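Visitor: I'd like to ask some things about the structure below.
No value in this document is a laboratory result; all are computed from the given coordinates. Remember, it's a predicted structure, so these values are computed and weren't measured experimentally. Using ideal geometry, Cβ is built from the backbone for each residue, glycine included, and neighbour counts are taken over all protein chains shown.
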Amino acid sequence: MTQQTPPDEVARIFDAEVRGDPGRDGDADVFQPSWNVAPTDPLTVVLQREDGRTIERPRWGLIPSWAKSTREGARFINARAETVATSPAFRVAFTRRRCIVPSDGFYEWQQTGTKRKQPFFLGPVGQPGAVLAMAGLWSVWKDPATGLWVTSAAVITTDANDDVSLVHDRMPVLLPRESWATWLDPDERDQDLLRSMLTPAPDGILDIHAVSTRVNDVRNDGPDLMAPLDAGADPPVDSASAPPAARPARPTDRDTGQGTLFD
């Protein structure tokens, strides 16, 4: 997915407050815009704590309570709407730790041959500065090796709408504005009401276009990854499209290949 909207702007959109949380994760992650957010990367999320609605930076991949290390979170980047209320990994978070993952867009891959997958970018239609409000879950886990608390998050997925189904059969749950307050409210425990929100987004709200296969490698980053693919061919890799030299190194506890992210 992409997350280039700064946290202070996300806070304005969602009527929230930007906070660091050094007591849980050590030094708060410094926000860096990313056009290629991948599993185990930090995510900007909106969540509700007892003292207010906040913008925080958990890692993508919900670490279950029984995990021995953070690596196990990479298996839980998504929670399926059909099973989120009963899954041992997600049911507690679904009951009381729901969040919104604001995204400027996301990628999906279409099978075009026996081996090749074509990536597509999906973003808001005709809404400059708009963000998608993905339904998410968050949790905290204590690292037995360090004693530190680690905050992590997952995105909830559902069946694709007709538009997205041309590329993939699943998509993130995209919450309309009128659902934000209810979804974030930890005191809301009505399972039927919560599950009723986990439906495919309406058709017509996403722009969908093919992009370069450079997005397949999480080491690549930059706005060029979102650019429409011209004439069906990938642009050459050059220094102008490389990540900025000052960008922090990407995590190494995952492979460097991309694929379907929202199953």
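Visitor: In nm, to one decimal, how far is the modelled label at K142 from the one at A210, with both set 7 Å along Cα→Cβ?
Guide: So the label points at K142 and A210 sit 5.3 nm apart.
Visitor: What is the packing order of peptides 161-171, 1-11, 37-47, taking the mean over residues of other C-beta atoms within 10 Å and listing the highest first?
Guide: The densest-packed peptide leads the list: 37-47, 1-11, 161-171.
Visitor: Right, here's the next one. Between A181 and T112, take the C-beta separation as r, use R0 = 51 Å, and let me know the FRET efficiency to the nearest 0.05.
Guide: Working: r = 41 Å, r/R0 = 0.81.
For R0 = 51 Å, the calculated efficiency reads 0.80.
Visitor: By how many nm would the segment from Q127 to L193 lengthen if fully extended, with 0.36 nm per residue of separation less the alpha-carbon distance?
Guide: Numbers: separation 66, 0.36 × 66 = 23.76 nm, distance 2.87 nm.
The Q127-L193 span can extend by a further 20.9 nm.
Visitor: Under a plain spin-label model, where a point goes 7 Å from the Cα along Cα-to-Cβ, how far apart in nm are D8 and T95?
Guide: 4.0 nm
Visitor: Using the Karplus curve 6.51 cos²θ - 1.76 cosθ + 1.60 with θ = phi - 60°, what ³J(HN,Hα) values do you get for each residue of the stretch 194-201, in whole Hz, with x for Gly and Pro?
Guide: Karplus values, whole Hz, x for Gly and Pro: 5, 5, 5, 7, 8, 10, x, 5.
Visitor: Taking amide H atoms as placed 1.01 Å from N in the peptide plane, list the residues 5 or more away in sequence, or in a different chain, whose amide H sits under 5 Å from that of S34.
Guide: For S34, whose amide H was placed from the backbone, the distant partners under 5 Å are Q3, Q4.
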